[in-house]
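Structure record follows, encoded as structure tokens.
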């Protein structure tokens, strides 16, 4: 059994100091110590996520912002991690340390819902290209485990996993500040209920006023493709795969480079898939975070099948989750007026833009491979 602080100190020495995850009883000492250290100004951060996949996105965003990301979760949540691990971290070559517990370990008396996952935990990690080894149980094992992770990061730029058995870490008391209710945010309705604009029209409006220091993350599908076609810039990151992860990725960026504006271009289908991330964003209150929800009511890149967004008031959802302000718009003029206020920096804020289905003709795809996009985006964020 090890002390949580011994692991955290050695991990921080390897640059791993940003944690996100979902609790498990096996992880309680680790999470409690990270939270306590962060509250005391110990150089660590912990972001509690609504889902394990969201935690992967947040930690990946922290890596883009220049910090080392660690995801901690129960192995029952590995299924939620599969999508971003395979379609975000692999194509973009984003490394992170994944600490997962081994509930249902063969021979361990545990609850029935953990039995199957306990048998396949390491195999699942292997299938997701996450090299792994046991979590250290003695202080002497910490260094070699972290060295193996660091070697993996340097060699392949891919995640590395540590599988934690029960009673691997000594108990730690929880010292966590109470969360207080947030004041209600402001809603502004700028809708005119006329013809809705095309996505490209709204993207052009954004590009015309985008600050040169702003980071832009465009959700997967035609949003990123249109943004690339209109203007390819080093400040842009075009998501591929990992549907719904753009907002979590943007949160991780915003928390690690708080001086920069961060603009997330989301879609209605993607936002619905990871709606819980809006609650995490509201709770963390990134000051320069602009969430632009481009809502055409359909899954545009897969044939135009309808989403359920017609009955969803995303502005009200954002305000209920703690966003400071939200705008509802349905034309270019309203969008531009909302942008003028939203870019002032008193975030998190959301613009819910209803728009027309369809996309640009002769729509291209990014010619820069995802790993190169990630590297130049990371370099952009690190520039003064």
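Among the candidates 87, 51, 25, the residue that is touching a helix residue (DSSP H, G or I) at 6+ places or on another chain (Cβ under 7 Å), on the phi < 0 side of the Ramachandran plot and either modelled with pLDDT of 95 or more or surrounded by fewer than 24 Cβ atoms within 10 Å (Cβ to Cβ) (or both) is uniquely 51. Per the listing 182, 162, 190, 158, the residue uniquely modelled with pLDDT of 95 or more, in contact with a helix residue (DSSP H, G or I) (Cβ under 8 Å, 6 or more places away or on another chain) and farther than 30 Å from residue 95 by Cα is 190. Do we find a residue being closer than 21 Å to residue 264 by Cα and part of a helix (DSSP H, G or I) anywhere in segment 64-79? Yes, the conditions are met somewhere in segment 64-79.
Here is a yes/no grid of residues against (1) assigned to a helix (DSSP H, G or I); (2) within 20 Å of residue 266 (Cβ to Cβ):
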site: 358; (1), (2): no, yes
site: 361; (1), (2): no, no
site: 365; (1), (2): no, yes
site: 368; (1), (2): no, no
site: 371; (1), (2): yes, no
site: 378; (1), (2): yes, no
site: 381; (1), (2): yes, yes
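Would segment 23-30 turn up any residue that is touching a residue at least 60 places away in the same chain (Cβ under 8 Å) and closer than 26 Å to residue 220 by Cβ? No, the conditions are met nowhere in segment 23-30. For segment 173-182, indicate whether the set of residues that are in contact with a strand residue (DSSP E or B) (Cβ under 6 Å, 6 or more places away or on another chain), within 23 Å of residue 315 (Cβ to Cβ) and surrounded by 11 or more Cβ atoms within 10 Å (Cβ to Cβ) is non-empty. Scanning segment 173-182, I find no residue that is in contact with a strand residue (DSSP E or B) (Cβ under 6 Å, 6 or more places away or on another chain), within 23 Å of residue 315 (Cβ to Cβ) and surrounded by 11 or more Cβ atoms within 10 Å (Cβ to Cβ), so the answer is no. Take the conditions (1) crowded, with 19+ Cβ neighbours inside 10 Å; (2) without any contact (Cβ under 8 Å) to a residue 60 or more places away in the chain; (3) assigned to a helix (DSSP H, G or I); residue 216 misses just one of them, which is (3). When residue 305 is tested against (1) modelled with pLDDT under 95; (2) closer than 28 Å to residue 233 by Cα, exactly one condition is not met: (2). Here the condition is being surrounded by fewer than 18 Cβ atoms within 10 Å (Cβ to Cβ) and at pLDDT below 95; of 30, 1, it holds for 1 alone.
Results for (1) within 26 Å of residue 283 (Cα to Cα); (2) surrounded by fewer than 22 Cβ atoms within 10 Å (Cβ to Cβ); (3) over 20 Å from the mean Cα position of the chain (by Cα), shown as yes or no for each residue.
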residue	(1), (2), (3)
326	yes, no, yes
347	yes, no, no
375	no, yes, no
378	yes, yes, no
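Being at pLDDT 95 or above, under 22 Å from the mean Cα position of the chain (by Cα) and not assigned by TED's automatic domain parsing to the domain that holds residue 97 narrows it down to one residue among 198, 214; which is it? That would be 214, the only listed residue that is at pLDDT 95 or above, under 22 Å from the mean Cα position of the chain (by Cα) and not assigned by TED's automatic domain parsing to the domain that holds residue 97.
Evaluating residue 73 against the criteria (1) closer than 26 Å to residue 174 by Cα; (2) surrounded by fewer than 24 Cβ atoms within 10 Å (Cβ to Cβ); (3) in contact with a helix residue (DSSP H, G or I) (Cβ under 6 Å, 6 or more places away or on another chain) leaves one unmet condition, (2).
If you check residue 315 against the conditions, is it surrounded by fewer than 17 Cβ atoms within 10 Å (Cβ to Cβ) and either touching a strand residue (DSSP E or B) at 6+ places or on another chain (Cβ under 9 Å) or not in a helix (DSSP H, G or I) (or both)?
Against the criterion (surrounded by fewer than 17 Cβ atoms within 10 Å (Cβ to Cβ) and either touching a strand residue (DSSP E or B) at 6+ places or on another chain (Cβ under 9 Å) or not in a helix (DSSP H, G or I) (or both)), residue 315 does not qualify.
The rows are residues; the columns are (1) under 23 Å from residue 179 (Cβ atoms); (2) crowded, with 24+ Cβ neighbours inside 10 Å.
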position	(1), (2)
223	no, yes
229	no, no
239	no, yes
251	yes, yes
288	yes, no
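Checked against the criteria, residue 290 counts as assigned by TED's automatic domain parsing to the domain that holds residue 315 and under 20 Å from residue 325 (Cβ atoms).
Does residue 165 qualify as being closer than 25 Å to residue 5 by Cα, surrounded by 13 or more Cβ atoms within 10 Å (Cβ to Cβ) and out of contact with any strand residue (DSSP E or B) (no Cβ under 8 Å at 6 or more places or on another chain)?
Working: closer than 25 Å to residue 5 by Cα: yes; surrounded by 13 or more Cβ atoms within 10 Å (Cβ to Cβ): yes; out of contact with any strand residue (DSSP E or B) (no Cβ under 8 Å at 6 or more places or on another chain): no.
No; evaluated as a whole, the condition is false for this residue.
Scanning segment 322-355 for residues that are in contact (Cβ under 8 Å) with a residue 60 or more places away in the chain, under 17 Å from residue 196 (Cα atoms) and in a strand (DSSP E or B) turns up 327, 328, 329, 351, 353, 354.
The condition (being under 25 Å from residue 370 (Cα atoms), without any contact (Cβ under 8 Å) to a residue 60 or more places away in the chain, more than 14 Å from the chain's Cα centre (by Cα) and surrounded by fewer than 21 Cβ atoms within 10 Å (Cβ to Cβ)) is satisfied by just one residue among 38, 79, 66, 43: 79.
Does residue 322 count as in contact with a helix residue (DSSP H, G or I) (Cβ under 6 Å, 6 or more places away or on another chain) and either buried (at least 19 other Cβ atoms within 10 Å of the Cβ) or over 20 Å from residue 257 (Cα atoms) (or both)? Walk me through it before giving the result.
Values: in contact with a helix residue (DSSP H, G or I) (Cβ under 6 Å, 6 or more places away or on another chain): yes; either buried (at least 19 other Cβ atoms within 10 Å of the Cβ) or over 20 Å from residue 257 (Cα atoms) (or both): yes.
Considered against the rule, which asks whether it is in contact with a helix residue (DSSP H, G or I) (Cβ under 6 Å, 6 or more places away or on another chain) and either buried (at least 19 other Cβ atoms within 10 Å of the Cβ) or over 20 Å from residue 257 (Cα atoms) (or both), residue 322 comes out as yes.
The values are calculated or read from the model by the stated rules, or taken from the named source; none is laboratory data. The shown structure was predicted, so the numbers you read here are calculated from the model rather than taken from an experiment. Cβ sites come from the backbone with ideal geometry, for glycine too, and all protein chains shown count toward neighbours.
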